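Shown next, in structure tokens, is the structure this report addresses.
Each value in this text was obtained by applying a stated rule to the coordinates, not by laboratory testing. Note that the coordinates shown come from a computational prediction; the quantities given were computed from them, not determined experimentally. Note that we place each Cβ from the backbone using ideal geometry, even for glycine, and neighbour counts take in every protein chain shown.
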């Protein structure tokens, strides 16, 4: 930069004017001294020229910038800025305005200093803090405003929660006050004596402390009677949510107040086993603890129990209902908590009606009732007092599994003539328990077990106990389905056809005369085992349909048939004309025999011949 002794002017931009960024910076100016340049450079600025007579900004770019010294003044501005364009801005507003180039001199305030005098730049007025600084990322720099804005919603939320809790407490207190006291006429109580009924069914959930207050109020009421205590009835509902502790307290109230009786709701789906055990003890107080259903679904007062109850607890409860004559219960259901009555089921209903069981003491007939194992245990416990008189047990499509079958085996008596468990879920363990009691059921003639889960182990148990029973008809399969019995199980069942075996009971006159293995895997070994035992039997009807026996297995069975056989089903076994000719020969040997060869591989010509010759005796 050239040396110069001209006067230097230092200017400061107004805080309301912001020089715009520009890539061009001021060039070294004629007439400026090195000291001026260094002073601006030390301040982080550059030296730019502003002239009152011929402005540098007006002459820049015209080639007339280099004029003699003294005709120009100089301004010290930031090195990153230039006065080519200025923007006028109002603080805290969105208002901006452009400043023309020829008005650049008006932006700076000038001060003339003597030559060689160093002038300190005037302090720049900082603009007021912008709104964004209040919400900077560092919370420690926040002012009072942001904290107030943030804390106000939290305070409102806390206030709303406190208000809601106070409202619930007040509502709870109002619910407990809704205890209706009204006279109750009961003809079954001391010749129609009038009782005072305390109905707490609408009081909502009751805690143990609140039940203590009810007990105290009961004592105060008896003291106020003056004379002998009046009879009082305490009514509770499902909304009271009675638990084990509540029921024990009710038992203590009944012990200390002989003139008091209680009624409880029939909905116990939310209770556990311990609560149901205490309920069972309360129900044993005949006449002093009853069950009352507020709504009658399907016209029945249904006792609703949780589906995860233990079998022992359910059995004890139902036995109490029977022994203590709780006739107010018409049905039992096992269902999870939720809306009641349950939605309509096309296939079955979860409600086990007890009314029909009370009306008939000789038959147990339930069809399409989804009672499962717990329902079966409950039914068995309900009919146990008169189970010895039952002659027919017919439980079809009831979802009974092994536990239910075990419960049924405990009530099978000597009067039972038919046991039908068609289309259930009974497995090997359940059928083994039933087979173990066949020897005690002297009157049992029909055992229908088709469409279950009985395998080889269950078939072996049946084969072991059938010779010591009076069962005449055993059905393990039908045209609707069978059981997963294999060749080993069929071999065990074939031994039950041998009537020459010694029997545990003397003079057994009944023999197994009908064996239905439709849908079971008989196979070659099973067919050979049947053929070995058939001549020693008095079989009248045999079905091995869909048994995979083939021509050789069918031939062995046909040739071993006794003259007592009236029906043989060989359908769906993949048989050919070879078996058909053997069947035709068997017709001459056994005149009353009827055979089914449907769904086999017979030729059309042979079909016509057999149909013409044997007619209705052969089903093709």
Inset, instruction - On a C-alpha basis, how far is the centre of the stretch 240-313 from the centre of the stretch 561-602 in Å? Whole number, if you could? - result: 62
Inset, instruction - Take residue 464, project a point 7 Å from its Cα along the Cβ direction, then tell me which residues of the stretch 427-448 have their backbone nitrogen under 16 Å from it. - result: 428-440
Inset, instruction - Would you order 200, 371, 249 from fewest to most other beta-carbon atoms within 10 Å of each residue's own beta-carbon? - result: 249, 200, 371
Inset, instruction - Would you calculate the separation in nanometres between label points at residue 559 and residue 607, each defined as 7 Å from the Cα along the Cα-to-beta-carbon direction? - result: 2.8
Inset, instruction - Using only Cα atoms, locate the centre of the stretch 383-438 and the centre of the stretch 462-490, then give the distance between them in Å, rounded to an integer. - result: 15
Legend entry - Cα-derived Rg over Rh, computed across the stretch 456-620 with Rh taken as Kirkwood radius: 0.98
Legend entry - FRET efficiency, 1/(1 + (r/R0)^6) with R0 35 Å, evaluated for residue 248 and residue 443 via beta carbons: 0.15
Legend entry - Geometric extent, Cα atoms of the stretch 427-505 - Rg, Dmax (angstrom): 11.8, 36
Inset, instruction - Based solely on C-alpha atoms, express the radius of gyration and the Dmax of the stretch 214-291 in angstrom. - result: 13.0, 42
